[in-house]
Each structure stands twice: as structure tokens, then as C-alpha cells.
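*Asks:* One structure follows; several queries about it will come next.
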Amino acid sequence: MEMMETDNIHLKRPLSEDKEDSADEIKRQKVSEDALQEKVNSDCKADAAAERPEKPVLEDSKNTVVVNEESEDQQDEEEIEESVGDGEPESFADMMKHGLTELDVGITKFVSAHKGFSGILKERYSDFVVHEIGKDGHTIHLDDFSVPVDEEDPPEENFTVLSVEDKQRLEELQLFKNKEGSVSIEVIEDTKEKRTVIHQAVKSLFPGLETKTEDRDGKKYIVAYHAAGKKALANPRKHSWPKSRGSYCHFVLYKENKDTMDAINMLSKFLRVKPNIFSYMGTKDKRAITVQEIAVLRITAQRLAHLNKCLMNFKLGNFSYKNHPLKLGELQGNHFTVVLRNVTGTDEQVQHAMQSLKEIGFINYYGMQRFGTTAIPTYQVGRAILQNNWNEVMDLILKPRPGAEKGYLVKCREEWAKTRDPAAALRKLPVKRCVEGQLLRGLSKYGLKNIVSAFGIIPRNNRLMYIHSYQSYVWNNMVSKRIEEYGLKAVPGDLVLKGGTATYIEESEADNYTIHDVVMPLPGFDVIYPKHKSGEAYKEILAADNLDINNMKHKIRDYSLSGAYRKVIIRPQHVSWELVAYDDPKIPLFTTDLDKMEGKTPAALATEGKYKALKMDFSLPPSTYATMAIREVLKMDTSIKKQTQLNTIWLR
């Protein structure tokens with residue numbers, strides 16, 4: 001899975017300016033967002049009442065969305081999650097003493113020689129904007145809300161002619177949830193045109209249902225029913241889809257402060273479809289504004305465009321019909337626009353830092369979010385899986401741990417430690433779709449003597465996340481050792497890729513390569529290792545974890561590691577920057593796609609403001625971390641543990 005997301009981190013040295021203002025601003029933003037969401041929920045009640053979410057389905061196919069299994073009480077659980085706090089802000093820094101630092105996961109080196117300085121990353125989520133770069137190299141933008149003209153599309157009136165009650169009854173009929181075999185809708189102000197619109201509305205909004213007109217006591221009724229019985233529901237989208245139209249509607253998704261899977265689940269809820277009919281090229285961060293391409297199977301652009309009236313923090317546009325879905329990894333990368341506020345460096349320091357980023361780049365470390373935020377990092381679970389130590393896997397996921405966690409998770413862990421009863425521990429969890437809840441459900445079903453099967457209930461992508469985290473941990477440590485030993489030049493015994501195949505740099509050709517050509521392997525059974533000291537270091541780190549570098553195949557096929565190669569240094573493309581002065585910490589410092597579509601003008605910036613911000617633009621290939629590029633500029637530890645020791649205001 002593409003990993004470009006960044007945590008909500010303040011890369012901040014101790015500052016005294018207006019901390020209380022920042023805290024108040026965050027509180028005001030939260031209150032205003034909640035109020036707006038309540039209004040949108042009210043406005044869209046007619047749709048939402050009939051549009052309960054399907055249970056997401058896990059798919060292994062590479063061109064479909066992989067969604068965490070969720071309980072039928074998803075909406076209730078979301079409300080519980082929102083109502084349960086993360087703890088008092090005053091105690092958060094103390095709680096995070098148990099978290100990870102960059103040193104813990106092998107992130108120790110820099111490539112540049114400039115002096116570091118402070119800046120605040122993601123003071124506002126709108127300070128971090130990501131535009132996907134498609135497989136054709138085109139940067140994706142939202143710049144068109146128009147719907148493709150299609151004679152087969154139903155008229156706009158179809159979306160408003162049915163009442164809330166009608167939609168709910170039809171929804172239940174479509175899903176065979178009611179006892180009746182049909183739903184009757186009285187035609188008020190009867191005309192042939194009005195009846196035609198209702199017929200079209202039912203058929204277009206509830207695929208699989210047929211309609212007919214009946215006279216009853218002098219009144220006209222539209223009767224909806226299943227023409228083909230339950231088989232009609234197996235693939236409702238096959239109904240009434242023109243053969244001349246591409247099966248997939250591609251569109252641009254603009255989202256604010258939502259991750260990609262949350263967005264997909266929300267869209268599927270309002271469209272009354274399963275999330276696995278959506279496909280995309282990569283997942284995007286939550287705390288950001290992101291723009292990416294999505295494809296959906298046999299949903300019209302007209303239906304999608306209608307959601308723009310209902311959904312908060314989303315906009316859909318640039319619709320087109322094509323004959324293919326999207327596949328994970330097809331993208332060429334992402335373009336980032338990042339604002340670092342309250343920058344303390346001099347203009348000269350900033351210029352040196354950005355020039356180095358442009359010319360040399362940064363070490364391609366896996367960022368901190370790869371390893372989790374609690375006292376038990378994900379790579380430890382991955383290591384236990386590779387060791388085939390399933391009791392350790394269970395213990396690491398479920399045992400009590402110090403640090404910041406939601407209260408119900410703490411109670412669940414305490415119950416588990418006290419009773420070792422999965423059912424009792426599960427009862428402590430109001431939110432059962434978390435990893436802990438899924439594992440406890442598996443243990444309740446399969447018993448404590450079949451942990452492998454119990455663990456298998458967790459969605460595949462989540463399970464593989466643990467072993468990929470361990471690979472990342474090893475890679476980070478090995479790259480740091482490689483740079484410490486040989487510096488920033490290519491040396492004999494290093495690995496480079498030729499036509500996708502890893503080969504060794506020989507003594508006679510070392511001068512033909514630079515550090516930008518060198519790759520290092522993620523451990524696995526299908527890779528080769530450097531022929532210098534770094535190769536031995538791989539053997540040593542794996543042996544210390546009771547793993548054999550020559551036998552990375554697991555008894556369970558899913559957990560066998562084939563390995564891969566990753567560039568040591570990444571040089572961003574299309575790098576540009578400017579220093580911006582501003583007085584109001586709440587004003588946006590650039591315009592987004594949506595701002596441009598809505599005709600908003602950029603905020604007037606001060607020529608000599610109270611604050612200074614660094615606005616950065618750069619493009620990165622897939623599977624690289626923007627936080628690591630920003631780390632190189634600021635020369636600061638990006639872990640939550642280190643940042644909360646400097647500033648806990650961001651949590652308030």
C-alpha cells in the first residue's frame with residue numbers, strides 16, 4: 001500500500017508566542033466543524049435515513065478496495081469513538097514518554113550540513129495539500145463539476161420526487177429486509193409525466209426493482225417489486241446500464257481531514273453499495289487536503305455529483321466513463337504543497353536547507369507512522385509473526401501497555417490480563433472493529449489454542465502491516481549503518497537496479513554511479529544483499545531476532561517475505577519554496593482547488609508580518625514519506641514523543 005501519509009505533528013522547538021491562541025483556535029475549529037457537520041447531517045437526512053452502510057467486504061484483488069471488517073453497529077461505534085477522549089492534554093506529554101523516537105526505529109542520519117531550525121507542521125490541516133500524480137505523469141486537480149451528457153441518465157427530478165419514508169421502504173424492499181413483497185407509492189397530483197418520473201426514480205435509485213401502475217379506489221399507485229426474486233440483488237448494477245457506456249465512472253475526489261478509507265466508506269453508505277466496488281491508486285493522509293482519482297463500478301456520474309449537495313469535507317468532479325478500474329500502485333507519485341508556520345530560521349538558513357533538499361534530497365527512511373504510536377511498536381508484532389511465536393503475537397496486541405490510549409482499550413486490556421477470557425475482554429470494548437476487538441472475536445471463536453486462525457480474522461492488509469513494519473525497521477537501521485560506514489557515495493559491493501534487477505557495483509565501475517543510484521534490500525527470500533559490511537549487518541540484525549536470513553519463507557504463505565529494493569536517497573522533483581510573512585495565524589496561506597472553483601481570492605499577506613512561514617512545493621514517488629523530507633529541512637525528530645515534550649498544545 002502506498003504510504004505517503006503524515007502524522008499530525010508539530011515540528012517545534014520551544015516557543016512562547018501565542019500558545020493559548022493556538023489552543024483556542026483548535027477548539028474553535030473543532031466546534032465549528034461539529035456544528036457544520038450537524039447541519040449537513042440534517043440537510044441530508046432524507047438520503048441518510050434510507051442509506052444505511054453495507055458491511056464492508058475484504059477483497060484480495062489488487063484492483064479493489066481492501067476495507068477493514070466493521071460491525072453492523074458502525075455508526076454507534078463512531079459516535080462512541082468521538083465521545084471518548086484521548087485523555088487530559090496536561091498528561092499527554094507524560095503518557096507519550098513511553099512512545100517511540102526516531103532513534104528507536106533506526107532513523108539517525110541526515111545528508112545535509114545546514115543548521116536546523118523550528119517550524120510547525122500541520123498547525124491547520126489545510127497547511128498540507130496532496131495532489132496525486134497519475135500513471136501518465138499528469139497531476140490530478142479538481143477543476144470541473146460538470147456531468148457528462150448521457151441520454152440514459154435519469155432527470156435530476158428523480159433525486160427529489162421520493163420522500164424520506166418512500167426511500168426507506170424501497171431500501172428495505174431492495175435488500176429483502178421487509179416482510180412485504182412490494183412497496184406502493186401513492187401518486188399525488190396524478191399525471192402521466194409525474195408517474196413516469198416516479199417509475200424512473202425507483203428504477204435508477206434502487207437497481208433490481210421493477211415498477212408498475214395500479215388503480216385502487218380511484219387513486220393511482222406506483223408499485224415496486226422484485227421482478228427476478230433474490231437473484232436480482234446479486235448484481236443490481238447490471239440493470240439498465242447502457243452497453244455503449246464504460247462500466248467504470250472515474251472521478252476526482254477532493255477531501256479535507258478524512259482518510260481515503262473513511263471517504264470510501266462514506267460514499268458507499270450514501271450510495272447504498274459495498275465499498276469493494278471502488279478502486280484507487282493509493283491511500284491518502286487524513287489530516288490534509290488531498291486530491292486523487294477514484295473509480296467506481298456502474299454508478300452514474302449524475303448520482304455521484306448529487307452527493308456534492310450532501311457530504312461535508314468532500315467534493316467530487318471531473319467525471320468520465322472508462323472500461324477499466326484503477327489499481328493500487330499505478331500512480332507515479334504525489335505532489336505536496338506544505339506550509340511550515342512560525343519558522344525560526346533565518347532567510348539564509350532556509351535557502352541553504354531547501355537548496356540541499358532540491359540538489360541532494362533526503363534519506364528515504366520509513367516514517368514514524370509506519371511503526372505505530374503506542375509503547376508497543378508494530379514491528380515487534382511483525383517480528384513475533386516471523387518467529388512463528390503466536391503466543392507472543394497475541395500478548396503484544398492485547399496486553400496492558402503504558403502510554404496514551406482510549407479508556408475502553410485500557411479496560412479491555414486489564415480484563416484480558418486478569419481473566420484471559422476473550423469474551424469478557426470483548427465486552428469491555430464498545431468499538432469492536434479495532435484490531436484488538438477483531439482478535440478477541442477470533443479467540444472467542446477458535447479458542448486460545450488456535451491463535452493462527454483467530455489472528456486470521458483480522459483483515460489481510462492489517463495483518464501484513466505488522467511484518468512490513470518489521471521489514472521497514474530493519475531497512476532503516478541498515479541504511480543508517482550503510483551511510484555511517486561509507487558516507488554519501490556509491491562503493492563497490494553496493495546494489496543498483498538494472499532493468500529492475502539488482503546487481504552489484506564492481507570495483508572498476510564504482511565511479512559510474514552515485515548514491516542516488518544505490519538501493520538497499522528489504523529482507524526476504526528473493527533478494528540479494530550488499531557484498532560489503534552492510535551485508536553482514538543484515539545477517540546480524542536478523543540473527544539477533546532469531547531469524548535466518550537464508551530462510552525467510554514462513555509456514556503460512558501470507559507471512560513469507562519475498563523482499564524488495566528501495567532507493568537510499570530520494571531527490572524530490574519540482575521543488576520550489578517561498579518565505580511568507582503573515583499576522584493572522586488562522587488565515588490560509590494559499591488557495592486550494594476548491595477555493596479556485598468557488599472563486600475565492602487568496603488572503604492578503606503582510607509584507608512584514610508578525611510570523612514567518614515556509615511554503616514548500618515538491619513531488620515524491622510512491623511509498624516515500626513527506627515527513628522525512630521535512631525532517632531533512634528542519635533537522636528535527638519527527639516522533640510524537642519528542643514533539644510533545646516540546647509542545648503539547650496541538651492536542652488541546
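The values are calculated or read from the model by the stated rules, or taken from the named source; none is laboratory data. Fair warning: this is a prediction, and the values are worked out from it, not measured in the lab. Positions of Cβ are backbone-derived with ideal geometry, glycine not excepted, and every protein chain shown enters the neighbour counts. What goes into the accessible areas is simple: the full protein's heavy atoms, side chains included, and nothing from ligands, DNA or RNA. Shrake-Rupley method; radii C 1.70, N 1.55, O 1.52, S 1.80 Å.
*Asks:* Within the stretch 286-306, which residues are touching a helix residue (DSSP H, G or I) at 6+ places or on another chain (Cβ under 9 Å), within 30 Å of GLU123 (Cβ to Cβ) and either of a type in the set (Lys, Arg) or open to solvent by 10 Å² or more (accessible area, probe 1.4 Å) (or both)?
*Replies:* Selection gives LYS286, ARG287.
*Asks:* Mind checking which pairs have a first residue in the stretch 376-402 that is farther than 18 Å from GLY524 by Cα and open to solvent by 30 Å² or more (accessible area, probe 1.4 Å) and a second that is acidic (Asp, Glu) and in a helix (DSSP H, G or I), Cβ under 7 Å, 6 or more apart or different chains?
*Replies:* Pairs that qualify, where the first residue is farther than 18 Å from GLY524 by Cα and open to solvent by 30 Å² or more (accessible area, probe 1.4 Å) and the partner is acidic (Asp, Glu) and in a helix (DSSP H, G or I), are PRO400/GLU414.
This table checks each residue for (1) modelled with pLDDT under 95; (2) buried (at least 16 other Cβ atoms within 10 Å of the Cβ); (3) under 17 Å from THR344 (Cβ atoms).
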residue	(1), (2), (3)
ASP558	yes, no, no
ILE570	no, yes, no
HIS574	no, no, no
ALA581	yes, no, yes
LYS586	yes, no, no
THR592	yes, yes, no
GLU598	yes, no, no
THR601	yes, no, no
ALA606	yes, no, no
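*Asks:* Which of the residues spanning the stretch 415-433 are open to solvent by 50 Å² or more (accessible area, probe 1.4 Å) and more than 25 Å from ARG383 (Cβ to Cβ)?
*Replies:* Result: LYS418, THR419, ASP421, ARG427, LYS428, LYS432.
*Asks:* Is it the case that GLY437 is out of contact with any Pro (no Cβ under 9 Å at 6 or more places or on another chain), in a helix (DSSP H, G or I) and open to solvent by less than 10 Å² (accessible area, probe 1.4 Å)?
*Replies:* yes
*Asks:* Mind checking which pairs have a first residue in the stretch 407-427 that is under 15 Å from LEU439 (Cα atoms) and touching a residue at least 12 places away in the same chain (Cβ under 8 Å) and a second that is open to solvent by less than 20 Å² (accessible area, probe 1.4 Å) and not in a helix (DSSP H, G or I), Cβ under 9 Å, 6 or more apart or different chains?
*Replies:* Going by the 9 Å Cβ cut-off, the qualifying pairs are LEU409/LEU429; LEU409/VAL431; CYS412/LEU429.
*Asks:* Of LEU594, LEU547, which residue is out of contact with any strand residue (DSSP E or B) (no Cβ under 9 Å at 6 or more places or on another chain), touching a residue at least 40 places away in the same chain (Cβ under 8 Å) and of a type in the set (A, V, I, L, M, F, W, C)? First the steps, then the outcome.
*Replies:* Details: LEU594 fails: out of contact with any strand residue (DSSP E or B) (no Cβ under 9 Å at 6 or more places or on another chain).
The unique qualifying residue is LEU547.
*Asks:* Further question on the same structure: Hey, can you tell me all the residues within the stretch 456-500 that are part of a helix (DSSP H, G or I), basic (Lys, Arg) and either open to solvent by 40 Å² or more (accessible area, probe 1.4 Å) or within 18 Å of MET394 (Cβ to Cβ) (or both)?
*Replies:* ARG460, ARG463, LYS481
*Asks:* Would you call GLU123 at pLDDT below 80, open to solvent by 50 Å² or more (accessible area, probe 1.4 Å) and either among the aromatic types (Phe, Trp, Tyr) or assigned to a loop (DSSP other than H, G, I, E, B) (or both)? Break it down into steps so the answer makes sense when it comes.
*Replies:* Working: at pLDDT below 80: yes; open to solvent by 50 Å² or more (accessible area, probe 1.4 Å): no; either among the aromatic types (Phe, Trp, Tyr) or assigned to a loop (DSSP other than H, G, I, E, B) (or both): yes.
Against the criterion (at pLDDT below 80, open to solvent by 50 Å² or more (accessible area, probe 1.4 Å) and either among the aromatic types (Phe, Trp, Tyr) or assigned to a loop (DSSP other than H, G, I, E, B) (or both)), GLU123 does not qualify.
*Asks:* Same structure, new question: Hey, any hits in the stretch 446-463 for a residue that's among the β-branched types (Val, Ile, Thr), within 30 Å of THR101 (Cα to Cα) and in contact (Cβ under 8 Å) with a residue 24 or more places away in the chain?
*Replies:* no
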